[in-house]
Amino acid sequence: MGSPRKEAPGGAGAALGFSGRAAARVTRGSSVLPGQPSLCHVVINLFMRCFSFFFPQSATIPLFMSNKDVAAEAVTGSGKTLAFVIPILEILLRREEKLKKMQVGAIIITPTRELAIQIDEVLTHFTKHFPRFSQILLIGGRNPMEDVEKFKEHGGNIIVATPGRLEDLFRRKADGLDLASCVKSLDVLVLDEADRLLDMGFESSLNAILAFLPKQRRTGLFSATQTQEVENLVRAGLRNPVRISVKEKGVAATNTQKTPTRLENYYMICKADEKFNQLVHFLRQHKQEKHLVFFSTCACVEYYGKALESLIKQVKIMCIHGKMKHKRNKIFTEFRKLPGGILVCTDVMARGIDIPEVHWVLQYDPPSSASAFVHRCGRTARIGNVGSALVFLLPMEESYINFLSINQKCPMQEMKPQGNVLDLLPKLKSMALADRAVFEKGMKAFVSYIQAYAKHECNLIFRIKDLDFASLARGFALLKMPKMPELRGKCFPDFTPVTVNTDSIPFKDKNREKQRQKQLEQQRKERQENGAKKKFIKNKSWSKQKAKREKKRKITAKRKREEGSDMEDEDMEELLNDTRLLKRLKKGKISEEEFEKRLTGSQSKFKEAAAETEG
């Protein structure tokens, strides 16, 4: 957003006169109304001095300022933020009564803290020239009482918030802030990245927030995609909305490309145990550039982020994921200011985030949904800049390329794996042997990856039964296979675990190792005590337990006879045999195939015996 200004064709008048480089499709039974009010000259000057390009703004701003509710869809990275920031300022500037300190005139709701921080920064570019307006950022990761006190002291005519924190503050009437009474003068509500708001499970929070807001308001809903869930939200929160779909010039509406035209999309096919080496080689070849590297889970970010820090020198490497509560804001802000570096992240960074001058978006793991793929790629080539994206795929996942081409209109080019790259997996293994923290991170990352893979939206392409677990384990540089349901009953002749007892691997951190040894000693004592206790109880009450069981069996048998139970001894024996087989299957002592074979054989045997008895 803050990149050097590039003049749009026709200059400022053309751009802010609602023409320019975007082709807008507006539907509502009528087109954009003529004779729109002109923008405040201060806003125009700020816009032209600080920002560039005008793709969705020219289609959206005039409608928003003409008392229309707007549902806008625009390609990712096209600058939707200004399409609602400018109308908010204009609408509030034209109010007949000036807003008081505690009166809220506009609320912007966005799914993530990072996106909220970014919007708040863009808004600050304008509001610092209008001291009559106060703005406040309400996001998680900090004490809500601090937000309450800040609002009471400075007010908040414009609120930028995440749904959870905003809902919480609406309900905090006991803390001396009645936010519901403050929003009675609300003029504008904006839901940014609306589809992501719903994907992240904020529907109930949004409904709760909407219940506090006045019905007489202007509402804008902005997103890169329009789904059925978004359509339901449009019907619930907007009144007779104008729908806008902004396409890049030269792209046919019937074959809409969902990624920016200045984005070069590549894919690389390589085995699971080759991916990490290819990634490190690529990053070493592009040390001077700025990269986002996406992984599927928080545990993978933790593990591979630490690995990259050790293997790529003289490059700033940072990690960010959804489970970071307090560090996320600081890391995001710091990385945005860097001229180069690597940010290892999950999909918390996939939507709406504008990081200046990102050269490459690298997707080490494909995302869980096709739409997320497009949003990940959209972190580069933003606001008319050039950028590139590369996704690493396993050989069995190659059909994903055709799927993206058809489903997301996303053209891809193949990038061949580099030959003779250094094998860094032995070094990763050495790191795990030297530090238990690395060993445990690797095991957690592997387990989380498989669990995420099993839940992939495109499960016809990403099939867990087709995974080469041995190659995958080598790619994670595991010392041994973890115990997990997905691996039960499977053999891995192509994977060789280390001969070292992994329980003996210490933490490099002496305090953590000391704590671990204490826990191990405590566990040993508990096992000894529990074992002795169980043995003692069993020996002491054996005869009583046997007598009790025998008595219970006789009572049950008598009751069954009296009730005329139709379960014969053969049926009972068959049931008990099936139960034993099921227990052995659950413990992994037999495979599913062997279970079915024995189960069928057992049933056949008892049927034959029953037939002979009847004969």
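The values are calculated or read from the model by the stated rules, or taken from the named source; none is laboratory data. Remember, it's a predicted structure, so these values are computed and weren't measured experimentally. So basically every Cβ, Gly included, is an ideal-geometry build from the backbone, and we count neighbours across all protein chains shown.
Data for the structure
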quantity	calculated
Residues (part of a helix (DSSP H, G or I) and closer than 24 Å to I86 by Cβ) located in segment 150-164	H154, P163
Candidates Q118, Q135, filtered to the one that is in contact with a helix residue (DSSP H, G or I) (Cβ under 6 Å, 6 or more places away or on another chain) and either at pLDDT 90 or above or closer than 26 Å to A194 by Cα (or both)	Q135
Subset tally (residues that are within 20 Å of R336 (Cβ to Cβ) and of a type in the set (S, T, Y)) for segment 302-318	0
Segments classed as helices (runs of 4 or more DSSP H), wholly inside segment 385-460, with at least 1 members that are touching an Asp or Glu at 6+ places or on another chain (Cβ under 6 Å)	436-454
Cross-chain or 6+ apart pairs with Cβ under 7 Å, segment 362-374 first and outside the structural domain of F462 (by TED's automatic domain parsing), then surrounded by fewer than 21 Cβ atoms within 10 Å (Cβ to Cβ)	none
Scope segment 461-485; condition assigned to a loop (DSSP other than H, G, I, E, B) and either within 29 Å of S430 (Cα to Cα) or outside the structural domain of V447 (by TED's automatic domain parsing) (or both); matching residues	L467, D468, F476, A477, L478, L479, K480, M481, P482, K483, M484
Residue among I159, I209, I136 that alone is assigned by TED's automatic domain parsing to the domain that holds E96, surrounded by fewer than 20 Cβ atoms within 10 Å (Cβ to Cβ) and either among the aliphatic types (A, V, I, L, M) or in contact with a Gly (Cβ under 6 Å, 6 or more places away or on another chain) (or both)	I136
Unmet requirement for R512, which otherwise passes all of (1) surrounded by 15 or more Cβ atoms within 10 Å (Cβ to Cβ); (2) touching a residue at least 60 places away in the same chain (Cβ under 8 Å); (3) not in a loop (DSSP other than H, G, I, E, B)	(1)
Those residues of segment 146-163 which are free of Cβ contacts under 8 Å to residues at least 12 places away in the same chain and within 17 Å of D178 (Cβ to Cβ), in sequence order	E149, E153
Within segment 68-149, strands (runs of 3 or more DSSP E) holding 2 or more residues that are under 14 Å from R218 (Cα atoms) and touching a Leu at 6+ places or on another chain (Cβ under 8 Å)	70-74, 106-109
Residue in segment 185-193 that is surrounded by fewer than 17 Cβ atoms within 10 Å (Cβ to Cβ) and among the charged types (D, E, K, R) present	no
Residue that is farthest from L169 (Cα to Cα) [pool: residues in segment 189-229 that are touching a Ser or Thr at 6+ places or on another chain (Cβ under 6 Å) and part of a helix (DSSP H, G or I)]	D195
Hits in segment 471-484 - residues which are surrounded by 11 or more Cβ atoms within 10 Å (Cβ to Cβ) and under 18 Å from E440 (Cα atoms)	L472, A473, R474, G475, F476, A477, L478, L479, K480, M481, P482, M484
Contacts under 7 angstrom Cβ, first residue in segment 404-423 being over 20 Å from L394 (Cβ atoms), partner charged (D, E, K, R), 6 or more apart	K409/K258
Every residue from segment 261-299 that is farther than 13 Å from V391 by Cβ and touching an Asp or Glu at 6+ places or on another chain (Cβ under 7 Å)	T261, A272, N277, K290
Residue list for segment 204-218, restricted to those being closer than 20 Å to R165 by Cβ and in contact with a helix residue (DSSP H, G or I) (Cβ under 8 Å, 6 or more places away or on another chain)	S205, L206, N207, A208, I209, L210, F212, L213
Subset of segment 114-133 (residues that are over 21 Å from T60 (Cβ atoms) and buried (at least 23 other Cβ atoms within 10 Å of the Cβ))	E114
Within segment 448-464, considering residues that are of a type in the set (F, W, Y) and under 14 Å from the mean Cα position of the chain (by Cα), the one surrounded by the most Cβ atoms within 10 Å (Cβ to Cβ)	Y449
Count of segment 337-380 residues which are assigned to a helix (DSSP H, G or I) and either crowded, with 19+ Cβ neighbours inside 10 Å or at pLDDT below 85 (or both)	11
